[in-house]
Structure formats: C-alpha cells, structure tokens
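Have a look at the structure below before the remarks.
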Amino acid sequence: MVVSLIVLLFASDLVAGEKELGTLRGMLSNSVARPTILLSKLIGGFVAVLLPFVIAFLLGMIVLSAASLPLLSGPLLGRVVLVFAATSLFVLTYFALGLLASACTSRGRSALVATLLIWIVLQLVVPKVSDMVASVVYPVRTETVISLQKSMIVKALEEDRGKLLGREYERIFGRGTPLTTDQTPRLGLEEWNTIKNDATAGTRRESPNSCAR
C-alpha cells in the first residue's frame, strides 16, 4: 500500500506540473509528438521508481543467501523471478495510472487529488467490494459452521458405534448381561474385544479431523 501511494504521488506531477510551469508547451513547440513525451516520461519515471526497489531486492537476496538460503538454485529461483516480475508489473501499473491522471489534469493539485482518489478506490474500496461480491457469488462456510458440523458428525458416529456395539454385545452374551469386566462371561470375550477394537478404529478413521489430516 505504501509503495503504490508513493508511486502515484511521484507520477502525479510529471505532466501536470510541467503544464503549470509552461515547460510542456516548450516541448510541444519543438515538434515532439505527444505520445513520445508520454512514453519517455513513462519509461524514465518507471526506471526511477523501480531502481530503489531493485536495490532493496538485491540486498535482501544477498542477506538471505548469506544465511544459507539457496535462492539461486532449484525451484526457489523461479519463485524469486516470479515475485520480482509481479512486483515490477504492480509498480508499472500504478505509475501508469498516476501518469494518466497527471496527463488528464491541468494543475498539480488536481492531479494530486485524482491520484489519491485512484489509490483509495484500488486499495480500500475494491478489496472490500471484492470480498462482498465473492461472498455472494461463491459463499464459503465460516469456521464456526464447519466446527459445528464436525461436532455433529462426530456425535452421529459415536451414536452409531454405540448402537453397533450394543447389538453385537447382545448377540454374543445375550440380552440383559451386565456390561462389566468382572461379570462378563469368558465365552465370547475374545470376539467381543475384537469387535469393540475394530469399531473404535473405524470411528477414528471416519472422524472429520482424521479426514482433514
């Protein structure tokens, strides 16, 4: 956000400022085409605002390379190049918008106000509106709803496990047999323990947290 604001403010005075000073009229009197003037200001100004970023970027890479981070080898090199290219495009876009606002206004103050409005719209309004539109077009469940659904699934799995174990217990030991260690008949105990362990393991595999992991 800070870089975009600095770039817009720097570009806002490139054309409007020369209009106020009268130097732009002197340039146009030398039969210089307007697209040539704008293109030269775009290239020169972009190099001027990009140069500090390049220096800071290189210093950061030197520091990280000294810390044994292999930025210049393997897949990290492609990511570093992608980050640099994306940031350069970001700076160029904002600089071009600032230059456009400066070319469309006749006074430096008007260009400054226009660039500030552009910055407010792009940095503050567009992200908020984008979130609102995205929530309408493709609504996403909140963390509270997901946690509640997980709890309901776990509860349902526990209930199914309890019913299954109850039916198997009655099938092995008969209805009305107390479910205690001391009074459990030895006959069928091994089968009961196997069923109980399998049911517990199956519940753990089917739990939402296990699926998420």
Completion exercise
By the Cα gyration tensor axes a ≥ b ≥ c (a/c under 1.5 gives rounded; else a/b larger than b/c gives prolate, otherwise oblate), the shape of segment 2-137 is oblate
Problem - Between 0 and 90°, nearest 10: helix 143-173 axis offset from the chain longest Cα axis - result: 20
Problem - Spatially close lysines, pair count over the chain: Cα under 26 Å, gap of eight or more or interchain - result: 6
Practice task
Quickly rank 85-94, 26-35 as a protection proxy: mean count of other C-beta atoms within 10 Å, highest first.
Solution key: 85-94, 26-35
Exercise for the section: Pick out, in residue order, every one of the trypsin sites (Lys or Arg not before Pro) in segment 109-180 that is DSSP loop and has at most 14 other C-beta atoms within 10 Å; say none if there are none. Expected result: ARG141, ARG175
Practice task
Note the angle between two axes, namely the Cα long axis of helix 108-120 and the longest principal axis of the Cα atoms of the chain, as a number of degrees from 0 to 90, rounded to the nearest 10.
Solution key: 10
Completion exercise
With 0.36 nm assigned to each residue of separation and the Cα-Cα distance removed, SER73 to THR194 gains 38.2 nm
Completion exercise
The helix 189-206 Cα axis meets the longest alpha-carbon principal axis of the chain at an angle in degrees, between 0 and 90 and rounded to 10, of 10
Handout entry: GNM result for the chain, Cα springs below 10 Å: residue of LEU71, LEU59, LEU148 fluctuating most strongly
Key = LEU148
Problem - Cleavage-rule hits, trypsin sites (Lys or Arg not before Pro), segment 32-108, DSSP coil, Cβ neighbours within 10 Å at most 14 - result: ARG107
Exercise for the section: Report the relative contact order of segment 2-137, percent, no decimals, based on alpha-carbon pairs under 8 angstrom and at least 6 residues apart. Expected result: 50
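The numbers here are math on the coordinates, done by the rules we state, and not lab data. Remember, predicted model here, so these are calculated numbers, not experimental data. In this analysis, Cβ positions are derived from the backbone assuming ideal geometry, glycine residues included, and neighbour counts consider all displayed protein chains.
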